[in-house]
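Every number in this text was worked out from the coordinates using simple rules, so none of it is lab data. Quantities reported herein were computed from a predicted structural model and do not represent experimental measurements. Using ideal geometry, Cβ is built from the backbone for each residue, glycine included, and neighbour counts are taken over all protein chains shown.
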Amino acid sequence: DAGVIQSPRHEVTEMGQEVTLRCKPISGHNSLFWYRQTMMRGLELLIYFNNNVPIDDSGMPEDRFSAKMPNASFSTLKIQPSEPRDSAVYFCASSLADREYEQYFGPGTRLTVT
Amino acid sequence: GNSVTQMEGPVTLSEEAFLTINCTYTATGYPSLFWYVQYPGEGLQLLLKATKADDKGSNKGFEATYRKETTSFHLEKGSVQVSDSAVYFCALSARTGGFKTIFGAGTRLFVKA
């Protein structure tokens with residue numbers, strides 16, 4: 001059974017460009033989480049969805065960040081415009097709605113903004 | 001608010017040494033507690049969990065006991081292997097007006113052969 005799939009695995013872009021990160025959760029999971037990991041701030045929850053509906057986006061740093069989940073098998077995290085301080089590893093995770101503590105993480109997307 | 005504090009790393013041990021990584025938490029209500037492990041270049045994986053006081057979670061030789069009186073959930077392993085080298089995250093989850101898992105800062109473990 002495939003795990004959480006993220007693409008791309010690595011992204012290098014210039015400041016000011018739009019970046020779109022993609023995630024396919026595990027089939028049958030109905031909760032999806034986006035995290036950001038940096039050395040300075042550790043692992044931060046950005047937003048999570050339940051049944052495709054955003055439940056808590058209080059961790060989204062600013063209006064440049066947006067996330068969508070158009071269906072149960074796909075989510076995107078968009079940064080527009082990107083800035084060097086957005087450089088981080090972005091993880092997507094999914095879980096069953098009644099077992100949200102048991103999250104399955106994807107391999108992450110390493111974003112570098114120059 | 002809820003928070004998790006774990007010992008700073010890195011922790012460097014020789015193979016077959018005993019491992020303890022300390023974790024304490026602050027939470028309202030009765031959270032569930034977890035340890036996740038992150039191997040190089042990978043996402044986090046759930047290692048073990050405990051959902052109520054005095055529960056002991058265990059997996060792959062690792063153990064942690066939910067101690068409500070000391071608000072702790074220390075990770076232990078009797079004999080570490082080189083393959084245990086990774087970053088370990090203590091975490092809690094609680095339903096207080098919504099769900100959120102709070103992760104500690106992570107503790108990097110190096111095991112030398």
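Side notes on the structure shown:
- Considering (1) of a type in the set (S, T, Y); (2) touching a strand residue (DSSP E or B) at 6+ places or on another chain (Cβ under 8 Å); (3) more than 13 Å from chain B (Cβ to nearest Cβ); (4) in contact (Cβ under 8 Å) with a residue 40 or more places away in the chain, the lone condition that A:Y35 does not fulfil carries the number (3).
- Single residue of segment B:41-71 satisfying the filter (in contact with a Phe, Trp or Tyr (Cβ under 6 Å, 6 or more places away or on another chain) and more than 23 Å from B:D84 (Cβ to Cβ)) that is nearest to the other protein chains (Cβ to nearest Cβ): B:A53
- In segment A:65-85 there is at least one residue that is among the small types (G, A, S), touching a Phe, Trp or Tyr at 6+ places or on another chain (Cβ under 8 Å) and away from chain B (no Cβ under 14 Å).
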